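Everything on this sheet refers to the single structure shown next.
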Amino acid sequence: MRSPTTQPFNAFRTAPVACCLSILVISLCCLPACAHNGPPFPIITDQRVGPCIVSLWIHPDIGTSPIFVLVDPAPGGAIPKDLKLEIGIQPVSRRLPEVVYQTTIADQRGQLEYKTDVEFDRQEFWNVRLILQSSAGGGESRAKVEATPIGYGRWDLLLFALPFLAVGFLWFKIAVKRRHQRKQRVAEASFAGTPSP
């Protein structure tokens, strides 16, 4: 029979410790996350360039990367019919000359959008230059962005799921141990209640 000073196993006390240890181990074992994964993000937001308000969104992966430019008219104005947008790309180090890409237009449910694909050949910081031209005026806007490797492909899902799988595994072990100890206590109680012959 268990002595009165023996504390029963408490899953709620050990679970936080186990979770902290698993997160620490996973953090130490994981590779550094240097790649951009996910949707494009803005590097120019609601800036006035000539007669328009523009926002530039980019997905800066090494290789071919899409760029989206959202265009709205300036307050009290209209978007010129002859609007032309170009995107200039050059490494901050200036090891390559600037390459200017033409954009194509797409009307996304009332939101005017220009698109193009640009090329980043290595991981480094790049200057991005948005060039706007129209009969109503023109202008430029500049930003910098770091091109990063494309992630790990199919392995991304496994890498992102590892912390959740580890926590789930620990909870499963705790539940099994708790069930085992509950059965053991029931067996001890029934053995203690058995009358002597």
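The values are calculated or read from the model by the stated rules, or taken from the named source; none is laboratory data. These numbers come from a predicted model, not from an experiment. Here the Cβ positions follow ideal geometry from the backbone for every residue, glycine too, while neighbour counts run over all protein chains shown.
Yes/no matrix, rows are residues, columns are (1) touching a Phe, Trp or Tyr at 6+ places or on another chain (Cβ under 6 Å); (2) at pLDDT 85 or above; (3) assigned to a loop (DSSP other than H, G, I, E, B):
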{"position": "THR116", "(1), (2), (3)": "yes, yes, no"}
{"position": "GLN123", "(1), (2), (3)": "no, yes, yes"}
{"position": "ILE131", "(1), (2), (3)": "no, yes, no"}
{"position": "TYR152", "(1), (2), (3)": "no, no, yes"}
{"position": "ALA161", "(1), (2), (3)": "no, no, no"}
{"position": "LEU165", "(1), (2), (3)": "no, no, no"}
{"position": "PRO197", "(1), (2), (3)": "no, no, yes"}
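Return a yes/no flag: does the stretch 93-108 have any residue that is in contact (Cβ under 8 Å) with a residue 40 or more places away in the chain and either assigned by TED's automatic domain parsing to the domain that holds ALA136 or more than 25 Å from ALA147 (Cα to Cα) (or both). Within the stretch 93-108 (the criterion being in contact (Cβ under 8 Å) with a residue 40 or more places away in the chain and either assigned by TED's automatic domain parsing to the domain that holds ALA136 or more than 25 Å from ALA147 (Cα to Cα) (or both)), the answer is no, since none of the residues qualifies.
Of all residues in the stretch 134-151, exactly one satisfies the criterion of being polar (S, T, N, Q), more than 29 Å from the chain's Cα centre (by Cα) and surrounded by 16 or more Cβ atoms within 10 Å (Cβ to Cβ), namely SER134.
Taken residue by residue, the stretch 125-143 has at least one member that is of a type in the set (Val, Ile, Thr), in contact (Cβ under 8 Å) with a residue 12 or more places away in the chain and more than 15 Å from PRO40 (Cα to Cα).
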